[in-house]
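Colleague: Let me give you the structure first, and then I'll get to my questions.
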Amino acid sequence: MLYFRKNLILFYEIKKVIGFVKSTLGPRGMDKLLISKKGDIKITNDGATILKNAFYNNIVKKIFDNLINTYDNEIGDGTTSVSCLIGELVSEAEKLIGIQIHPQIIIKGYKLAAREALSILNSIMFSENKNEKLFCEHLFDLAKTTLCSKIVFPVRDHFAKLLVEAVLKLNGNIDIRYIKIIKKIGGSIRDSFLEEGFILESKMGVGQPKRIENAKILIANTALDSDKIKIYGTKIKTFTLANLARIEIADQKKILDKCKKIIFHGANVFVNRQLIYNKQESFLTNYGIVSIEHADFEGIERLSLVTGGEIVSTFDEPSKIKLGYCKIVEEIMVNREKMVRFNGKLKINACTLVIRGSTQQLLDEVERSVHDALCVLSRSIRDPRFVWGGGNTDIFLFLKLENFSQKFKSKVSMAILAFSRSIRNLVKILLENAEVDSTFLISQLKTACQKGNAKACIDIKKKNVAQADKLGLIELFKLKTQMIISAVETVEMILRIDTILK
(Lines give C-alpha, C1' and ligand atoms only; values in the text may rest on other atoms or scores of the structure.)
Protein backbone atom coordinates (compact mmCIF):
# COMPACT_ATOMS: atom_id res chain seq x y z
CA MET A 1 0.00 0.00 0.00
CA LEU A 2 1.50 3.35 -1.09
CA TYR A 3 0.45 5.18 2.08
CA PHE A 4 2.06 2.51 4.27
CA ARG A 5 5.37 2.65 2.41
CA LYS A 6 5.57 6.44 2.60
CA ASN A 7 4.87 6.56 6.34
CA LEU A 8 6.97 3.56 7.35
CA ILE A 9 9.81 5.88 8.37
CA LEU A 10 7.44 8.07 10.43
CA PHE A 11 6.00 5.06 12.30
CA TYR A 12 9.53 3.78 12.88
CA GLU A 13 10.64 7.11 14.38
CA ILE A 14 7.59 7.25 16.66
CA LYS A 15 8.19 3.73 17.96
CA LYS A 16 11.88 4.55 18.45
CA VAL A 17 11.12 7.61 20.60
CA ILE A 18 8.33 5.94 22.60
CA GLY A 19 10.44 2.82 23.07
CA PHE A 20 13.08 5.01 24.70
CA VAL A 21 10.54 6.59 27.07
CA LYS A 22 8.24 3.69 27.99
CA SER A 23 10.81 1.91 30.18
CA THR A 24 10.36 4.78 32.68
CA LEU A 25 6.63 4.07 33.20
CA GLY A 26 5.39 2.81 36.56
CA PRO A 27 6.76 2.44 40.09
CA ARG A 28 9.57 0.16 38.89
CA GLY A 29 10.46 2.26 35.83
CA MET A 30 14.10 3.01 35.05
CA ASP A 31 15.86 6.40 34.88
CA LYS A 32 17.63 7.99 31.92
CA LEU A 33 20.99 9.77 31.99
CA LEU A 34 20.91 12.82 29.69
CA ILE A 35 24.21 14.51 28.77
CA SER A 36 24.16 17.92 27.08
CA LYS A 37 26.75 19.16 24.59
CA LYS A 38 28.29 21.23 27.39
CA GLY A 39 28.67 18.13 29.55
CA ASP A 40 25.82 18.93 31.96
CA ILE A 41 23.95 15.83 33.11
CA LYS A 42 20.38 15.10 34.14
CA ILE A 43 19.23 11.86 35.73
CA THR A 44 15.47 11.55 35.42
CA ASN A 45 12.49 9.34 34.65
CA ASP A 46 10.20 12.29 33.96
CA GLY A 47 8.74 11.82 30.48
CA ALA A 48 8.42 15.55 29.77
CA THR A 49 12.05 16.22 30.72
CA ILE A 50 13.31 13.30 28.61
CA LEU A 51 11.34 14.29 25.50
CA LYS A 52 12.28 17.97 25.84
CA ASN A 53 16.00 17.26 26.12
CA ALA A 54 16.46 14.29 23.78
CA PHE A 55 16.10 13.69 20.02
CA TYR A 56 16.90 17.24 18.94
CA ASN A 57 16.89 16.42 15.22
CA ASN A 58 14.06 13.93 15.37
CA ILE A 59 10.91 14.70 13.37
CA VAL A 60 8.69 13.06 16.01
CA LYS A 61 10.16 15.20 18.77
CA LYS A 62 9.08 18.30 16.91
CA ILE A 63 5.54 16.89 16.55
CA PHE A 64 5.45 16.09 20.28
CA ASP A 65 6.86 19.43 21.50
CA ASN A 66 3.56 21.30 21.73
CA LEU A 67 1.77 18.29 23.20
CA ILE A 68 4.44 17.87 25.89
CA ASN A 69 4.41 21.56 26.88
CA THR A 70 0.62 21.80 26.91
CA TYR A 71 0.11 18.54 28.79
CA ASP A 72 2.83 19.30 31.34
CA ASN A 73 1.45 22.78 32.01
CA GLU A 74 -2.22 21.73 32.04
CA ILE A 75 -2.00 18.53 34.11
CA GLY A 76 1.59 18.40 35.35
CA ASP A 77 1.89 14.61 35.39
CA GLY A 78 1.20 11.70 33.04
CA THR A 79 3.42 12.73 30.13
CA THR A 80 4.97 9.25 29.99
CA SER A 81 1.52 7.61 30.01
CA VAL A 82 0.18 9.76 27.17
CA SER A 83 3.38 9.17 25.16
CA CYS A 84 3.08 5.40 25.64
CA LEU A 85 -0.59 5.49 24.63
CA ILE A 86 0.32 7.39 21.46
CA GLY A 87 2.98 4.78 20.70
CA GLU A 88 0.53 1.90 21.21
CA LEU A 89 -2.15 3.57 19.07
CA VAL A 90 0.36 4.13 16.27
CA SER A 91 1.57 0.49 16.49
CA GLU A 92 -2.01 -0.79 16.30
CA ALA A 93 -2.75 1.57 13.40
CA GLU A 94 0.34 0.28 11.58
CA LYS A 95 -1.03 -3.29 11.82
CA LEU A 96 -4.44 -2.21 10.51
CA ILE A 97 -2.93 -0.30 7.60
CA GLY A 98 -0.88 -3.41 6.82
CA ILE A 99 -4.12 -5.36 6.22
CA GLN A 100 -5.49 -2.67 3.86
CA ILE A 101 -7.65 -0.65 6.28
CA HIS A 102 -7.69 3.01 5.28
CA PRO A 103 -6.29 5.55 7.80
CA GLN A 104 -9.56 7.53 7.74
CA ILE A 105 -11.45 4.45 8.96
CA ILE A 106 -8.90 3.99 11.74
CA ILE A 107 -9.29 7.63 12.75
CA LYS A 108 -13.08 7.25 12.80
CA GLY A 109 -12.81 4.15 15.00
CA TYR A 110 -10.37 5.84 17.36
CA LYS A 111 -12.67 8.86 17.73
CA LEU A 112 -15.69 6.67 18.45
CA ALA A 113 -13.69 4.68 21.00
CA ALA A 114 -12.38 7.85 22.67
CA ARG A 115 -15.88 9.30 22.95
CA GLU A 116 -17.16 6.07 24.50
CA ALA A 117 -14.13 5.91 26.84
CA LEU A 118 -14.86 9.41 28.15
CA SER A 119 -18.47 8.39 28.75
CA ILE A 120 -17.32 5.28 30.65
CA LEU A 121 -14.93 7.36 32.76
CA ASN A 122 -17.78 9.69 33.69
CA SER A 123 -19.79 6.71 34.88
CA ILE A 124 -17.06 5.26 37.12
CA MET A 125 -15.53 8.44 38.58
CA PHE A 126 -16.21 9.41 42.20
CA SER A 127 -15.88 12.57 44.28
CA GLU A 128 -15.83 13.12 48.04
CA ASN A 129 -15.36 16.89 48.24
CA LYS A 130 -18.40 17.27 50.56
CA ASN A 131 -16.72 15.16 53.25
CA GLU A 132 -13.64 17.19 54.22
CA LYS A 133 -11.87 14.41 56.13
CA LEU A 134 -12.37 11.84 53.36
CA PHE A 135 -11.36 14.40 50.72
CA CYS A 136 -8.06 15.03 52.54
CA GLU A 137 -7.46 11.27 52.68
CA HIS A 138 -8.04 11.07 48.92
CA LEU A 139 -5.60 13.93 48.37
CA PHE A 140 -3.00 12.06 50.44
CA ASP A 141 -3.57 8.85 48.45
CA LEU A 142 -3.46 10.82 45.17
CA ALA A 143 -0.12 12.36 46.14
CA LYS A 144 1.28 8.93 47.07
CA THR A 145 0.07 7.41 43.79
CA THR A 146 1.67 10.24 41.79
CA LEU A 147 4.96 9.83 43.67
CA CYS A 148 5.00 6.03 43.22
CA SER A 149 6.93 6.33 39.95
CA LYS A 150 9.27 9.06 41.21
CA ILE A 151 12.66 9.02 42.89
CA VAL A 152 11.02 9.87 46.23
CA PHE A 153 9.12 6.54 46.20
CA PRO A 154 10.89 5.19 49.36
CA VAL A 155 9.73 8.26 51.35
CA ARG A 156 6.50 8.97 49.47
CA ASP A 157 4.42 9.05 52.66
CA HIS A 158 6.60 11.85 54.06
CA PHE A 159 6.46 13.88 50.86
CA ALA A 160 2.75 13.24 50.30
CA LYS A 161 2.03 14.66 53.75
CA LEU A 162 4.18 17.74 53.07
CA LEU A 163 2.63 18.40 49.65
CA VAL A 164 -0.98 17.99 50.78
CA GLU A 165 -0.30 20.30 53.71
CA ALA A 166 1.30 22.84 51.35
CA VAL A 167 -1.64 22.80 48.93
CA LEU A 168 -4.20 23.09 51.73
CA LYS A 169 -2.34 26.10 53.16
CA LEU A 170 -3.24 28.01 49.99
CA ASN A 171 -6.90 27.93 51.09
CA GLY A 172 -8.38 27.01 47.72
CA ASN A 173 -5.83 28.87 45.58
CA ILE A 174 -4.62 26.57 42.79
CA ASP A 175 -1.57 28.60 41.75
CA ILE A 176 1.44 26.57 42.88
CA ARG A 177 3.75 29.55 42.39
CA TYR A 178 2.88 30.46 45.99
CA ILE A 179 4.62 27.27 47.13
CA LYS A 180 8.29 28.18 46.89
CA ILE A 181 10.81 25.35 46.55
CA ILE A 182 14.32 25.76 47.96
CA LYS A 183 16.97 23.13 47.19
CA LYS A 184 19.86 22.68 49.62
CA ILE A 185 22.60 20.06 49.33
CA GLY A 186 23.11 18.10 52.53
CA GLY A 187 21.33 15.46 54.56
CA SER A 188 18.91 13.08 52.85
CA ILE A 189 15.63 13.61 51.02
CA ARG A 190 13.87 12.40 54.20
CA ASP A 191 15.13 15.60 55.87
CA SER A 192 13.02 17.80 53.56
CA PHE A 193 10.51 19.97 55.42
CA LEU A 194 7.79 22.58 54.99
CA GLU A 195 8.10 26.12 56.38
CA GLU A 196 5.35 28.64 57.06
CA GLY A 197 5.29 31.80 54.93
CA PHE A 198 7.42 32.89 52.00
CA ILE A 199 11.20 32.49 52.35
CA LEU A 200 13.59 34.67 50.37
CA GLU A 201 17.09 33.31 49.85
CA SER A 202 18.83 36.45 51.08
CA LYS A 203 19.71 38.11 54.39
CA MET A 204 19.18 41.38 56.22
CA GLY A 205 21.79 44.13 56.30
CA VAL A 206 24.60 44.38 58.84
CA GLY A 207 23.58 45.86 62.19
CA GLN A 208 19.89 45.83 61.35
CA PRO A 209 17.10 44.25 63.47
CA LYS A 210 16.44 40.62 62.57
CA ARG A 211 12.69 40.80 63.17
CA ILE A 212 10.21 43.42 62.00
CA GLU A 213 6.51 43.43 62.87
CA ASN A 214 3.80 45.08 60.75
CA ALA A 215 6.21 45.30 57.85
CA LYS A 216 5.54 47.75 55.02
CA ILE A 217 7.60 46.43 52.14
CA LEU A 218 9.04 48.41 49.23
CA ILE A 219 10.12 46.03 46.45
CA ALA A 220 12.52 47.41 43.84
CA ASN A 221 14.67 46.40 40.90
CA THR A 222 17.06 49.32 40.55
CA ALA A 223 20.70 50.23 41.03
CA LEU A 224 21.64 52.15 44.16
CA ASP A 225 25.19 52.94 43.07
CA SER A 226 26.32 56.05 41.18
CA ASP A 227 24.82 56.86 37.79
CA LYS A 228 27.20 55.70 35.08
CA ILE A 229 28.08 57.77 32.01
CA LYS A 230 27.04 55.48 29.18
CA ILE A 231 28.69 57.31 26.28
CA TYR A 232 31.52 55.10 25.05
CA GLY A 233 34.98 56.63 25.43
CA THR A 234 33.91 59.59 27.59
CA LYS A 235 36.65 60.91 29.90
CA ILE A 236 36.64 63.57 32.59
CA LYS A 237 39.90 65.46 33.21
CA THR A 238 40.60 67.40 36.39
CA PHE A 239 43.61 69.54 37.17
CA THR A 240 43.34 69.56 40.96
CA LEU A 241 42.38 67.15 43.71
CA ALA A 242 39.76 69.63 44.88
CA ASN A 243 37.87 69.27 41.59
CA LEU A 244 38.02 65.48 41.90
CA ALA A 245 36.63 65.76 45.44
CA ARG A 246 33.75 67.94 44.22
CA ILE A 247 32.86 65.31 41.56
CA GLU A 248 32.93 62.59 44.23
CA ILE A 249 30.76 64.65 46.61
CA ALA A 250 28.23 65.37 43.84
CA ASP A 251 28.15 61.68 42.97
CA GLN A 252 27.51 60.65 46.57
CA LYS A 253 24.82 63.33 46.88
CA LYS A 254 22.90 61.76 43.97
CA ILE A 255 23.03 58.38 45.69
CA LEU A 256 21.84 59.78 49.04
CA ASP A 257 19.07 61.73 47.29
CA LYS A 258 17.79 58.43 45.91
CA CYS A 259 17.90 56.94 49.42
CA LYS A 260 15.94 59.94 50.78
CA LYS A 261 13.24 59.29 48.18
CA ILE A 262 13.01 55.70 49.49
CA ILE A 263 12.46 57.05 53.02
CA PHE A 264 9.53 59.20 51.84
CA HIS A 265 7.59 56.05 50.87
CA GLY A 266 7.02 55.18 54.53
CA ALA A 267 8.34 51.61 54.20
CA ASN A 268 10.28 49.89 56.98
CA VAL A 269 11.55 47.00 54.79
CA PHE A 270 13.33 47.61 51.47
CA VAL A 271 13.93 44.62 49.17
CA ASN A 272 16.09 45.22 46.11
CA ARG A 273 16.90 42.95 43.19
CA GLN A 274 20.30 44.62 42.83
CA LEU A 275 23.12 45.39 45.24
CA ILE A 276 22.86 47.86 48.13
CA TYR A 277 26.29 49.22 48.99
CA ASN A 278 27.52 49.83 52.53
CA LYS A 279 26.97 53.60 52.58
CA GLN A 280 23.37 53.33 51.35
CA GLU A 281 22.71 50.43 53.72
CA SER A 282 24.03 52.44 56.68
CA PHE A 283 21.95 55.48 55.64
CA LEU A 284 18.74 53.41 55.47
CA THR A 285 19.54 51.74 58.80
CA ASN A 286 19.81 55.15 60.50
CA TYR A 287 16.25 55.89 59.38
CA GLY A 288 14.90 52.56 60.67
CA ILE A 289 14.63 50.80 57.31
CA VAL A 290 15.73 47.16 57.02
CA SER A 291 17.37 46.51 53.65
CA ILE A 292 17.55 43.18 51.82
CA GLU A 293 19.81 43.14 48.79
CA HIS A 294 20.49 40.95 45.77
CA ALA A 295 17.20 39.06 45.92
CA ASP A 296 16.73 36.72 42.96
CA PHE A 297 14.34 37.98 40.28
CA GLU A 298 11.94 35.06 40.60
CA GLY A 299 11.98 35.62 44.35
CA ILE A 300 10.88 39.26 44.18
CA GLU A 301 8.26 38.39 41.56
CA ARG A 302 6.69 35.90 43.97
CA LEU A 303 7.18 38.25 46.92
CA SER A 304 5.25 40.90 45.00
CA LEU A 305 2.36 38.48 44.43
CA VAL A 306 2.33 37.26 48.03
CA THR A 307 2.56 40.63 49.80
CA GLY A 308 0.61 42.69 47.26
CA GLY A 309 3.45 45.15 46.63
CA GLU A 310 4.55 46.50 43.27
CA ILE A 311 8.07 46.12 41.86
CA VAL A 312 9.40 49.61 41.18
CA SER A 313 12.43 51.01 39.41
CA THR A 314 12.02 54.71 40.27
CA PHE A 315 11.12 56.49 43.50
CA ASP A 316 9.99 59.90 42.20
CA GLU A 317 6.24 59.54 42.96
CA PRO A 318 5.62 57.71 46.27
CA SER A 319 1.84 58.22 46.07
CA LYS A 320 1.63 56.03 42.97
CA ILE A 321 3.60 53.13 44.42
CA LYS A 322 1.85 50.30 46.25
CA LEU A 323 3.72 48.82 49.22
CA GLY A 324 3.51 45.19 50.25
CA TYR A 325 2.49 44.15 53.75
CA CYS A 326 2.93 41.23 56.10
CA LYS A 327 2.74 40.75 59.86
CA ILE A 328 6.30 39.55 60.49
CA VAL A 329 9.57 39.71 58.56
CA GLU A 330 12.36 37.81 60.26
CA GLU A 331 15.75 36.31 59.55
CA ILE A 332 15.90 32.54 60.04
CA MET A 333 18.45 29.77 59.61
CA VAL A 334 17.85 27.13 56.95
CA ASN A 335 20.56 24.49 56.61
CA ARG A 336 23.05 26.82 58.34
CA GLU A 337 22.28 29.62 55.89
CA LYS A 338 20.59 32.91 56.71
CA MET A 339 17.31 33.56 54.91
CA VAL A 340 14.40 35.97 55.34
CA ARG A 341 10.85 34.77 56.02
CA PHE A 342 7.74 36.83 55.29
CA ASN A 343 4.80 35.52 57.28
CA GLY A 344 1.42 36.52 58.70
CA LYS A 345 -1.48 38.38 57.07
CA LEU A 346 -0.10 37.94 53.57
CA LYS A 347 -2.29 38.96 50.65
CA ILE A 348 -2.13 35.35 49.46
CA ASN A 349 -1.21 32.48 51.78
CA ALA A 350 2.16 31.00 50.92
CA CYS A 351 4.58 28.38 52.19
CA THR A 352 8.06 27.15 51.37
CA LEU A 353 9.23 23.58 50.79
CA VAL A 354 12.90 23.01 51.59
CA ILE A 355 14.29 19.98 49.75
CA ARG A 356 17.43 18.27 51.04
CA GLY A 357 19.61 15.76 49.20
CA SER A 358 23.16 14.56 48.70
CA THR A 359 23.74 15.78 45.10
CA GLN A 360 22.47 18.53 42.81
CA GLN A 361 21.15 15.97 40.28
CA LEU A 362 19.13 14.31 43.05
CA LEU A 363 17.70 17.67 44.16
CA ASP A 364 16.72 18.55 40.60
CA GLU A 365 14.91 15.25 40.12
CA VAL A 366 13.13 15.58 43.47
CA GLU A 367 12.02 19.07 42.44
CA ARG A 368 10.58 17.69 39.18
CA SER A 369 8.77 14.98 41.15
CA VAL A 370 7.38 17.50 43.64
CA HIS A 371 6.27 19.82 40.84
CA ASP A 372 4.31 17.01 39.15
CA ALA A 373 2.58 16.06 42.40
CA LEU A 374 1.77 19.69 43.24
CA CYS A 375 0.24 20.21 39.79
CA VAL A 376 -1.98 17.14 40.22
CA LEU A 377 -3.02 18.16 43.74
CA SER A 378 -3.82 21.73 42.76
CA ARG A 379 -5.81 20.40 39.81
CA SER A 380 -7.77 18.14 42.16
CA ILE A 381 -8.73 21.18 44.26
CA ARG A 382 -10.29 22.72 41.16
CA ASP A 383 -11.82 19.48 39.89
CA PRO A 384 -12.17 16.97 42.79
CA ARG A 385 -13.04 13.89 40.74
CA PHE A 386 -11.07 10.67 40.94
CA VAL A 387 -10.83 7.14 39.49
CA TRP A 388 -9.19 4.04 40.95
CA GLY A 389 -5.58 3.34 39.96
CA GLY A 390 -3.39 0.25 39.81
CA GLY A 391 -4.65 -0.69 36.33
CA ASN A 392 -8.30 -0.77 37.46
CA THR A 393 -9.52 2.01 35.15
CA ASP A 394 -7.48 0.83 32.16
CA ILE A 395 -8.77 -2.76 32.29
CA PHE A 396 -12.32 -1.56 32.93
CA LEU A 397 -12.09 0.62 29.80
CA PHE A 398 -10.63 -2.31 27.84
CA LEU A 399 -13.54 -4.61 28.74
CA LYS A 400 -16.22 -1.98 28.08
CA LEU A 401 -14.70 -0.96 24.73
CA GLU A 402 -14.50 -4.63 23.67
CA ASN A 403 -18.26 -4.87 24.19
CA PHE A 404 -18.79 -1.52 22.48
CA SER A 405 -16.93 -2.70 19.34
CA GLN A 406 -19.53 -5.46 18.85
CA LYS A 407 -22.13 -2.83 17.96
CA PHE A 408 -20.27 -2.23 14.68
CA LYS A 409 -19.97 -4.79 11.90
CA SER A 410 -17.66 -2.77 9.64
CA LYS A 411 -13.91 -2.27 9.74
CA VAL A 412 -14.52 0.47 12.34
CA SER A 413 -14.99 -2.26 14.96
CA MET A 414 -11.40 -3.40 14.34
CA ALA A 415 -10.16 0.14 15.02
CA ILE A 416 -12.18 0.29 18.25
CA LEU A 417 -10.69 -3.05 19.33
CA ALA A 418 -7.23 -1.71 18.49
CA PHE A 419 -7.93 1.29 20.73
CA SER A 420 -9.02 -0.96 23.60
CA ARG A 421 -5.86 -3.07 23.24
CA SER A 422 -3.75 0.11 23.39
CA ILE A 423 -5.36 1.05 26.70
CA ARG A 424 -4.74 -2.46 28.05
CA ASN A 425 -1.11 -2.36 26.88
CA LEU A 426 -0.43 0.55 29.26
CA VAL A 427 -0.91 -1.91 32.13
CA LYS A 428 1.21 -4.46 30.29
CA ILE A 429 4.11 -1.98 29.94
CA LEU A 430 3.86 -1.05 33.60
CA LEU A 431 4.00 -4.72 34.68
CA GLU A 432 6.84 -5.60 32.29
CA ASN A 433 8.90 -2.73 33.71
CA ALA A 434 8.37 -4.31 37.13
CA GLU A 435 9.51 -7.75 35.86
CA VAL A 436 6.08 -9.23 36.60
CA ASP A 437 4.15 -11.81 34.56
CA SER A 438 1.87 -9.34 32.77
CA THR A 439 -0.29 -11.92 30.96
CA PHE A 440 -1.25 -13.78 34.12
CA LEU A 441 -1.95 -10.70 36.25
CA ILE A 442 -3.93 -8.90 33.53
CA SER A 443 -6.01 -12.04 33.06
CA GLN A 444 -6.69 -12.19 36.82
CA LEU A 445 -7.63 -8.51 36.91
CA LYS A 446 -9.98 -8.93 33.93
CA THR A 447 -11.70 -11.80 35.70
CA ALA A 448 -12.10 -9.76 38.90
CA CYS A 449 -13.58 -6.80 36.99
CA GLN A 450 -15.97 -9.07 35.03
CA LYS A 451 -17.23 -10.50 38.34
CA GLY A 452 -18.23 -7.00 39.47
CA ASN A 453 -15.25 -6.10 41.66
CA ALA A 454 -15.24 -2.34 40.91
CA LYS A 455 -12.10 -1.63 42.96
CA ALA A 456 -9.90 -4.50 41.79
CA CYS A 457 -6.32 -3.50 40.95
CA ILE A 458 -2.83 -4.94 40.69
CA ASP A 459 -0.52 -4.92 43.70
CA ILE A 460 2.94 -4.88 42.11
CA LYS A 461 4.68 -5.43 45.44
CA LYS A 462 2.84 -8.68 46.20
CA LYS A 463 2.26 -9.54 42.50
CA ASN A 464 -1.42 -10.25 42.90
CA VAL A 465 -4.87 -8.65 42.53
CA ALA A 466 -5.90 -6.45 45.46
CA GLN A 467 -8.33 -3.64 46.33
CA ALA A 468 -7.42 -0.14 45.15
CA ASP A 469 -9.08 1.60 48.10
CA LYS A 470 -7.07 -0.46 50.61
CA LEU A 471 -3.81 0.25 48.77
CA GLY A 472 -4.70 3.93 48.37
CA LEU A 473 -4.25 3.86 44.59
CA ILE A 474 -6.19 6.86 43.25
CA GLU A 475 -5.73 8.75 40.00
CA LEU A 476 -7.06 12.11 38.87
CA PHE A 477 -10.12 11.88 36.63
CA LYS A 478 -8.93 14.87 34.56
CA LEU A 479 -5.56 13.19 33.97
CA LYS A 480 -7.22 10.11 32.44
CA THR A 481 -9.62 12.07 30.24
CA GLN A 482 -6.92 14.45 29.03
CA MET A 483 -4.63 11.51 28.27
CA ILE A 484 -7.22 9.95 25.96
CA ILE A 485 -8.13 13.24 24.26
CA SER A 486 -4.51 14.30 23.69
CA ALA A 487 -3.41 10.87 22.45
CA VAL A 488 -6.25 10.54 19.91
CA GLU A 489 -5.78 14.08 18.59
CA THR A 490 -2.03 13.54 18.15
CA VAL A 491 -2.44 10.14 16.48
CA GLU A 492 -5.09 11.57 14.14
CA MET A 493 -2.63 14.27 13.07
CA ILE A 494 0.05 11.63 12.44
CA LEU A 495 -2.25 9.26 10.49
CA ARG A 496 -3.43 12.07 8.22
CA ILE A 497 0.13 12.59 6.94
CA ASP A 498 0.64 10.87 3.58
CA THR A 499 3.81 12.61 2.38
CA ILE A 500 6.97 13.83 4.09
CA LEU A 501 8.88 16.58 2.26
CA LYS A 502 12.37 17.73 3.25
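The values are calculated or read from the model by the stated rules, or taken from the named source; none is laboratory data. Computed from a prediction, not measured in an experiment: that's the story for all the values here. Neighbour counts run over all protein chains shown; Cβ positions are idealised from the backbone, glycine included.
Colleague: Go through region 328-349 and report how many residues are under 21 Å from H294 (Cβ atoms), basic (K, R) and in a loop (DSSP other than H, G, I, E, B). Spell out how you get there, then give the answer.
Modeller: Our first condition is that a residue be under 21 Å from H294 (Cβ atoms); within region 328-349, this holds for 329-342.
This time we only want the ones that are basic (K, R), so: 336, 338, 341.
Next, only the ones that are in a loop (DSSP other than H, G, I, E, B) stay: 336.
Residues meeting the conditions: 1.
Colleague: Follow-up question, since we're still on this one. Within the group S91, S119, S83, which residue is free of Cβ contacts under 8 Å to residues at least 60 places away in the same chain and either under 24 Å from V427 (Cα atoms) or in the same structural domain as E489 (by TED's automatic domain parsing) (or both)? If you could, list the steps in order and put the result at the bottom.
Modeller: Numbers: S91 fails: free of Cβ contacts under 8 Å to residues at least 60 places away in the same chain; S83 fails: free of Cβ contacts under 8 Å to residues at least 60 places away in the same chain.
One residue alone meets the criteria, S119.
Colleague: Can I ask one more? Residue by residue through region 331-348, note down the ones that are crowded, with 18+ Cβ neighbours inside 10 Å and either charged (D, E, K, R) or touching a helix residue (DSSP H, G or I) at 6+ places or on another chain (Cβ under 7 Å) (or both). Even if it seems obvious, please write down each step before you answer.
Modeller: Keep residues of region 331-348 that are crowded, with 18+ Cβ neighbours inside 10 Å, which gives 331, 339-343, 346.
Once the filter is applied, which keeps residues that are crowded, with 18+ Cβ neighbours inside 10 Å and either charged (D, E, K, R) or touching a helix residue (DSSP H, G or I) at 6+ places or on another chain (Cβ under 7 Å) (or both), region 331-348 yields E331, R341, F342, L346.
Colleague: Next up: I50 versus (1) aliphatic (A, V, I, L, M); (2) at pLDDT below 80; (3) buried (at least 22 other Cβ atoms within 10 Å of the Cβ): which is the lone unmet condition?
Modeller: Result: I50 fails condition (2) only.
Colleague: Turning to a different aspect of this structure: Inspect region 312-327 for any residue being within 22 Å of I182 (Cα to Cα) and in a strand (DSSP E or B) and give the result as yes or no. Steps first, answer last, please.
Modeller: Just the residues of region 312-327 that are within 22 Å of I182 (Cα to Cα), to begin with: 326.
Cutting the leftovers down to in a strand (DSSP E or B) gives us 326.
Yes; the residues of region 312-327 include at least one that is within 22 Å of I182 (Cα to Cα) and in a strand (DSSP E or B).
Matching residues to (1) in contact (Cβ under 8 Å) with a residue 60 or more places away in the chain; (2) not in a loop (DSSP other than H, G, I, E, B); (3) not assigned by TED's automatic domain parsing to the domain that holds S91:
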site: S413; (1), (2), (3): yes, yes, no
site: A418; (1), (2), (3): yes, yes, no
site: L430; (1), (2), (3): yes, yes, no
site: Q444; (1), (2), (3): no, yes, no
site: C449; (1), (2), (3): no, yes, no
site: G452; (1), (2), (3): no, no, no
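Matching residues to (1) surrounded by fewer than 16 Cβ atoms within 10 Å (Cβ to Cβ); (2) more than 23 Å from P209 (Cβ to Cβ); (3) of a type in the set (A, V, I, L, M, F, W, C); (4) at pLDDT below 85:
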| site | (1), (2), (3), (4) |
| --- | --- |
| I292 | no, no, yes, no |
| L305 | no, yes, yes, no |
| S313 | yes, yes, no, yes |
| E317 | yes, yes, no, yes |
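Colleague: Let me ask something else about it. Could you tell me which residue of region 180-216 is surrounded by the most Cβ atoms within 10 Å (Cβ to Cβ), considering only residues that are closer than 30 Å to N129 by Cα and under 17 Å from the mean Cα position of the chain (by Cα)?
Modeller: Out of the qualifying residues, it is K180.
Colleague: Does I219 satisfy the condition of being within 43 Å of the chain's Cα centre (by Cα) and either surrounded by fewer than 19 Cβ atoms within 10 Å (Cβ to Cβ) or at pLDDT 85 or above (or both)? First the steps, then the outcome.
Modeller: Numbers: within 43 Å of the chain's Cα centre (by Cα): yes; either surrounded by fewer than 19 Cβ atoms within 10 Å (Cβ to Cβ) or at pLDDT 85 or above (or both): yes.
Spelling it out, I219 is indeed within 43 Å of the chain's Cα centre (by Cα) and either surrounded by fewer than 19 Cβ atoms within 10 Å (Cβ to Cβ) or at pLDDT 85 or above (or both).
Table: residues versus (1) under 27 Å from the mean Cα position of the chain (by Cα); (2) among the hydroxyl-bearing types (S, T, Y).
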site: R385; (1), (2): yes, no
site: S422; (1), (2): yes, yes
site: K428; (1), (2): yes, no
site: T439; (1), (2): no, yes
site: I442; (1), (2): no, no
site: Q450; (1), (2): no, no
site: L473; (1), (2): yes, no
site: F477; (1), (2): yes, no
site: T481; (1), (2): yes, yes
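Colleague: Any chance you could count how many residues in region 186-216 are outside any loop (DSSP other than H, G, I, E, B), farther than 20 Å from I311 by Cα and either in the same structural domain as G308 (by TED's automatic domain parsing) or out of contact with any Gly (no Cβ under 7 Å at 6 or more places or on another chain) (or both)?
Modeller: Step one: list which residues in region 186-216 are outside any loop (DSSP other than H, G, I, E, B), which gives 186, 189-191, 193-196, 198-200, 204, 211-216.
The next check asks that each one be farther than 20 Å from I311 by Cα; those that pass are 186, 189-191, 193-196, 211-213.
Checking which are either in the same structural domain as G308 (by TED's automatic domain parsing) or out of contact with any Gly (no Cβ under 7 Å at 6 or more places or on another chain) (or both) leaves us with 186, 190-191, 193-196, 211-213.
Total meeting the criteria: 10.
Colleague: Which one of the conditions (1) out of contact with any His (no Cβ under 8 Å at 6 or more places or on another chain); (2) more than 18 Å from G109 (Cβ to Cβ); (3) surrounded by 15 or more Cβ atoms within 10 Å (Cβ to Cβ); (4) not aromatic (F, W, Y) does I474 fail to meet, given that it meets all the rest?
Modeller: (1)
Colleague: Look at region 149-185 and say how many of its residues are within 24 Å of N45 (Cβ to Cβ) and either acidic (D, E) or part of a strand (DSSP E or B) (or both). I'd like the intermediate steps shown before the answer.
Modeller: Looking only at region 149-185, we keep the residues that are within 24 Å of N45 (Cβ to Cβ), and these are 149-164, 166-167, 176, 179, 181-185.
Narrowing the set further to residues that are either acidic (D, E) or part of a strand (DSSP E or B) (or both) leaves 157, 179, 181-185.
Selection size over region 149-185: 7.
Colleague: OK, next. Looking at the structure I just gave you, is K279 farther than 17 Å from V329 by Cβ, in a helix (DSSP H, G or I) and touching a helix residue (DSSP H, G or I) at 6+ places or on another chain (Cβ under 9 Å)? Before the answer, list the steps.
Modeller: Values: farther than 17 Å from V329 by Cβ: yes; in a helix (DSSP H, G or I): yes; touching a helix residue (DSSP H, G or I) at 6+ places or on another chain (Cβ under 9 Å): yes.
Here the answer is yes, as K279 does meet what is asked.
Colleague: Please count how many residues of region 142-179 are more than 18 Å from the chain's Cα centre (by Cα) and crowded, with 21+ Cβ neighbours inside 10 Å.
Modeller: 0
Colleague: Please work out if M1 is aliphatic (A, V, I, L, M), surrounded by fewer than 22 Cβ atoms within 10 Å (Cβ to Cβ) and at pLDDT 80 or above.
Modeller: Answer is no for this residue.
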